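Below you'll find the structure, written out as structure tokens, and then a few comments.
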Amino acid sequence: MSVNLTPNAIPAIIAGDLNSKPLVQVLDIKLISNNTQQERYLLLISDSVSTQQAMLATQLNDRVRTGRVKKGSVVQLIEYIRSPVQNRKIIVVLNMETIISDCEIIGNPNLFAESDLTACKTLPNSDSLVSARVSSNNHLTSKTLGHNEQNFRPTVQPPYQPLPNYQNRGAIMKNEAPARIIPIAALNPYQGRWAIKARVTAKGDLRRYNNARGDGKVFSFDLLDSDGGEIRVTCFNAVVDRFYDAIEVGKVYLISKGSLKPAQQNFNHLKNEWEIFLEITSTVDPCPDEDGSIPKQQFSFRPISDIETVDNNSILDVIGIVISVNPSVPILRKNGMETQRRILNLKDRSGRSVELTLWGEFCNREGQKLQEMIDSGIFPVLAVKAGKVNDFSGKSIGTISATQLFINPEFPEAHGLRDWFDRGGKNVASLSISREVMAGGPKNEIRKTVSQIKDEGLGRSDKPDWVTVRSTISFIKTDTFCYTACPLMIGDRQCNKKVTRSANMRWQCDRCNQEFEECDYRYLLQAQIQDLTGLTWVTAFQESGEEILGCSAKDLYLLKYEEQNDERFAEIIRTRLFNQFLFRLKIKEELYGDEQRVKITVVKADKVNYSSESRYMLDMISKFSR
């Protein structure tokens, strides 16, 4: 058998031929990594006379990992581009086919130098000379190729000849030829010219910033193409003026002439290592004809039960039935601006429910619509695209600028969830993973007695222990039951640091370095709990403090310190003593000065439901009697 590599393939590609689909041989493969730790493979390819480095697109990495492409393989380049890197040109392979997986080295190739292009043009009958050399060097015996006894002679492309309108004009001018449309997954910084056709799935707000270089503005939008590839596009300053009003969510655009940089994973949730930065010379052209091959949106839904084990600040998609919606409340941010917050609850078939916190305009748009639906007895399906996980007092989800909400969407997951809910899922009990369940703890609660906390050394390992204890409050410290707290928002969380009165009688936060008229009042409650085995001290913060005392920290503070109604204050405390609760506790050893102490924090305090508690005890008795 004999095989011919495409004559003069390397010089042709370097000179600009990107359409010949040549046959070349892989002489070497090296694994490299860039700054984002993304694996890439660098190939050394040969046309039997010349060799040249070629970068493999990441979507082709499996070809190397599975052995379909290895040293000696003869491959046909289907899609490829020529890209300048550090004053030299390399070939970026976007698609290829393996013709022969294992073959001896063909010819005696040498590294190609671009200066050879001029020499090739001056050689008389150079094409026939190269063909003769390739033919004599490429004859392989059947012994060399093992069981492949049949002759294999792929179609060989003719030697590259410059296109007529580029002859005798020197170097091709930049941007003279139109860019090819390529998949988003094939984009990489080594490409000189590219274009993508994609739909805008999300558009961020216009944000203004100030740094050492002055004031500026920025906005981003997300793209999705017909192959399912996603990428974020970012515009700054003058580029914002060009494209902000032109970009519409849901529309399809042809985009080219941008630069690719590593994606900032802290702010970019899309599964792409690159991000496009548009420039003043970039083009964004709308495609008026609807392209049905590009989906409207792409989701990767996670069951609510999975969110229990997801890392804090993760970005994910979730879908559920809205079972409750709280009123919208004003929140003061750190910059002094007021925003809105609204909390609702979602449940799904996993047996779990979760809090979803809406911020800003989400409260008045989707939040108000959901409130009206719940008030009228309708429980809608809500799909959340790009929600942010929060692990404060359990797991919850919050909206960010890139979040999108879809009420009763028309896709299979929504229809399946609706069908489950209407057929009985409405009456299925679900356990909340937001505050009601111990953060990071197991799904099934661990019951302990007060004495077991000490006897079993709970809280002394690297991670905290999360247990449930049924006990009675026997004492509450009243001298320092709450503190004055900063009401400003830092990101999606309240500051909550202690504030003090300044000389002008305004409240001052040292952390935020701001003053304000009103502050928050938050519980920092110290109490003793006891059961038949012993007693221990616990600390209860805001929500759990309200559950224990039955009123807000502000009301109790004003009663004691403003109204100075000690009798009423003492009565409230007295009525809360010797009530039995089901306490969810976080137990962790902490360092106080030079001493290690076990701190017990109340995560949740539920009044004992004697009906369900009786069922629990009957179950325990039945287990012991087996």
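The values are calculated or read from the model by the stated rules, or taken from the named source; none is laboratory data. Just so we're clear, the structure is a prediction, and the values are computed from it rather than from any experiment. Glycine gets a Cβ as well: all are built from the backbone with ideal geometry, and neighbour counts include every protein chain shown. Note: areas computed on protein heavy atoms with side chains; ligands, DNA, RNA excluded. Shrake-Rupley method; radii C 1.70, N 1.55, O 1.52, S 1.80 Å.
R0 = 45 Å: FRET efficiency of LEU577 with GLN368, Cβ-based, nearest 0.05?
0.60
State the antiparallel share, in %, of DSSP beta bridges confined to segment 302-422, rounding to the nearest 5.
DSSP beta bridges in segment 302-422 are roughly 90 percent antiparallel.
For ILE99, what residues show an amide H to amide H distance below 5 Å, using hydrogens built from the backbone and excluding near sequence neighbours?
VAL74, VAL75, GLN76
Counting only other residues whose beta carbon sits under 11 Å from that of GLU273, what net charge do I get with K and R as +1, D and E as -1?
Around GLU273, the surrounding residues sum to +1.
Applying the Karplus parametrisation 6.51 cos²θ - 1.76 cosθ + 1.60 with θ = phi - 60° to the phi angles of segment 456-465, what ³J(HN,Hα) value in whole Hz is obtained for each residue in order, glycine and proline being reported as x?
9, x, 5, x, 9, 8, 5, 9, x, 9
Quote the FRET efficiency, to the nearest 0.05, computed for LYS554 versus PHE475 with a Förster distance R0 of 25 Å and r equal to the Cβ-Cβ distance.
Result of the calculation: an efficiency of 0.60.
So how much slack lies between ARG568 and GLU515, counting 0.36 nm per residue of separation and subtracting their Cα-Cα distance, in nm?
15.9 nm
Just to be sure I follow: if Rg is taken over the C-alpha atoms of segment 333-414 and Rh is the Kirkwood radius over the same atoms, what is Rg/Rh?
0.97
Excluding residues on the same chain fewer than 8 positions from LYS426, give the lysines whose Cα lies under 24 Å from its Cα.
LYS347, LYS369, LYS385, LYS395, LYS443
Want the number for ILE446 to PHE236: 0.36 nm per residue separation, take away the alpha-carbon distance, what's left?
70.4 nm
Please list, ordered by chain and number, the residues whose modelled amide H lies under 5 Å from the amide H of ALA195; skip anything fewer than 5 residues away on the same chain.
ARG180, ILE182
Among the aspartates and glutamates, which fall within straight-line cross-link reach of LYS560, defined as a Cα-Cα distance under 14 Å, with same-chain neighbours fewer than 8 residues apart omitted?
ASP479, GLU571
In nm, what is the difference between 0.36 nm times the number of residues separating ALA212 and THR283 and their Cα-Cα distance?
Once the chain is fully extended between ALA212 and THR283, it gains 22.6 nm.
Run the simple label-point estimate for ASP306 and ASP391 please: 7 Å along Cα→C-beta, distance reported in nm.
Roughly 1.8 nm, to one decimal.
Show me, for segment 301-318, the HN-Hα J-couplings you get by feeding each phi into the Karplus relation (A = 6.51, B = -1.76, C = 1.60, θ = phi - 60°), rounded to Hz, glycine and proline as x.
Working through the residues one at a time gives 5, 10, x, 4, 4, 5, 5, 4, 9, 7, 5, 4, 6, 5, 10, 8, 10, 9 Hz.
Determine how large the accessible area of ASP241 is when every protein chain is in place; take a 1.4 Å probe and give Å² rounded to the nearest 10.
My reading of the accessible area for ASP241 is about 100 Å².
For segment 501-584, would you read off the P(r) tail past 18 Å as a percentage of all alpha carbon pairs?
So the pairs more than 18 Å apart make up 56 percent of the total in segment 501-584.
Across the Cα atoms of segment 479-626, what radius of gyration and what greatest pairwise Cα-Cα distance (Dmax) are found, in Å?
Cα radius of gyration and Dmax of segment 479-626 are 19.3, 71 Å respectively.
Just to be sure I follow: if Rg is taken over the C-alpha atoms of segment 545-597 and Rh is the Kirkwood radius over the same atoms, what is Rg/Rh?
1.14
Rounded to whole Hz and in sequence order, give me ³J(HN,Hα) for segment 349-364 from the Karplus expression 6.51 cos²θ - 1.76 cosθ + 1.60, θ = phi - 60°, writing x for Gly and Pro.
Taking θ as phi minus 60°, the curve returns 6, 7, x, 10, 10, 8, 7, 10, 9, 9, 10, x, 5, 4, 5, 8 Hz for segment 349-364.
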